[in-house]
Amino acid sequence: MGCGRVGSSLATELEAAGHTVAIIDQAREAFRRLGPNFKGRTVTGVGFDRDTLLEAGIQDADAFAAVSNGDNSNILAARVARETYGVGNVVARIYDPGRAEIYQRLGIPTVATVLWATDQILRRLVPEGSRSEWRDATGMVQLCEMHPHDDWYGRQILLIDALTPARVAFITRLGEGLIPDEHTVLQQGDLIHVMVSDADVARTEEILANTPEGERG
């Protein structure tokens, strides 16, 4: 739902990946953003209206993205898609960070535009500490990118599991994802992604900011 810059980009990317796509927008002229090669269904209408959704094929949809420019419309449409039509994969774009957190805790997956952009910029300006990459619907568990003290490099990655409340989910090495095993040794330049409870993020950051010997002592 929404054929702005994000919606049109999503639609064309999904179609290029082999998916069947329908896109809804209130303004017929918005579909020009899709270009002449788009083969999917375009539906003019309000994205949370049931007749409009049915015309778009919501009853057969595997996923639904609400990416219009209105927070209320996006949340309402996402809820209708999930609760009325049982769509398994639903996400809503939200501009208001406060609302995004509330809806996320209610179990509605959201992308908070302002928070996401701020977080991405901070990762590049201030790389130390941690940056949240994903949070579960309850807000209690996070996937975080962590930046440890240099002394952690050259050690087995299982040391992080042993000395912190976190668990290493994967690392990014030379631009590629890698699921570590008991033989994996951290290398300079590795990005470390850990699963950690929200309550333990600060403690994990504190431990990784120190040397492993300091924590063992």
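Against the condition surrounded by fewer than 22 Cβ atoms within 10 Å (Cβ to Cβ) and touching a Pro at 6+ places or on another chain (Cβ under 6 Å), how does Val91 come out, does it pass?
yes
Kindly indicate whether Ala137 is farther than 14 Å from Pro212 by Cβ, under 23 Å from the mean Cα position of the chain (by Cα) and modelled with pLDDT under 90.
Criteria met by Ala137.
Every residue, every condition in (1) out of contact with any Leu (no Cβ under 9 Å at 6 or more places or on another chain); (2) surrounded by fewer than 19 Cβ atoms within 10 Å (Cβ to Cβ), yes or no:
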site: Gln156; (1), (2): no, yes
site: Leu159; (1), (2): no, yes
site: Pro165; (1), (2): yes, yes
site: Arg173; (1), (2): no, yes
site: Glu182; (1), (2): no, yes
site: Gly189; (1), (2): no, yes
site: Val196; (1), (2): no, no
site: Asp200; (1), (2): yes, yes
site: Glu206; (1), (2): yes, yes
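Just to be sure, is Leu159 closer than 20 Å to Ala209 by Cα and of a type in the set (A, V, I, L, M, F, W, C)?
Spelling it out, Leu159 is indeed closer than 20 Å to Ala209 by Cα and of a type in the set (A, V, I, L, M, F, W, C).
Out of everything in region 179-197 that is out of contact with any Ser or Thr (no Cβ under 6 Å at 6 or more places or on another chain) and modelled with pLDDT under 90, what residue ends up being nearest to Val168 (Cα to Cα)?
Asp190
Mind checking which residues of region 11-41 are touching a strand residue (DSSP E or B) at 6+ places or on another chain (Cβ under 6 Å), outside any strand (DSSP E or B) and of a type in the set (A, V, I, L, M, F, W, C)?
Ala11, Phe31
Restricting to region 38-58, name every residue that is out of contact with any Ser or Thr (no Cβ under 7 Å at 6 or more places or on another chain), more than 19 Å from Val90 (Cβ to Cβ) and touching a residue at least 12 places away in the same chain (Cβ under 8 Å).
Listed by number, the residues that qualify are Lys39, Thr42, Thr44.
For residues in region 77-92 being within 16 Å of Leu54 (Cβ to Cβ) and of a type in the set (A, V, I, L, M, F, W, C), which is farthest from the chain's Cα centre (by Cα)?
My answer is Val80.
Based on this model, can you work out whether His183 counts as over 18 Å from the mean Cα position of the chain (by Cα) and over 28 Å from Val111 (Cβ atoms)?
yes
State yes or no: is Glu15 touching a Lys or Arg at 6+ places or on another chain (Cβ under 8 Å), outside the structural domain of Asp136 (by TED's automatic domain parsing) and surrounded by fewer than 18 Cβ atoms within 10 Å (Cβ to Cβ)?
So Glu15 passes the test.
Provide a single number: the residues in region 200-210 that are more than 19 Å from the chain's Cα centre (by Cα) and closer than 18 Å to Glu133 by Cβ.
The qualifying residues number 5.
The values are calculated or read from the model by the stated rules, or taken from the named source; none is laboratory data. Fair warning: this is a prediction, and the values are worked out from it, not measured in the lab. As a convention, Cβ positions derive from the backbone with ideal geometry for all residues, glycine included, and neighbour counts pool all protein chains shown.
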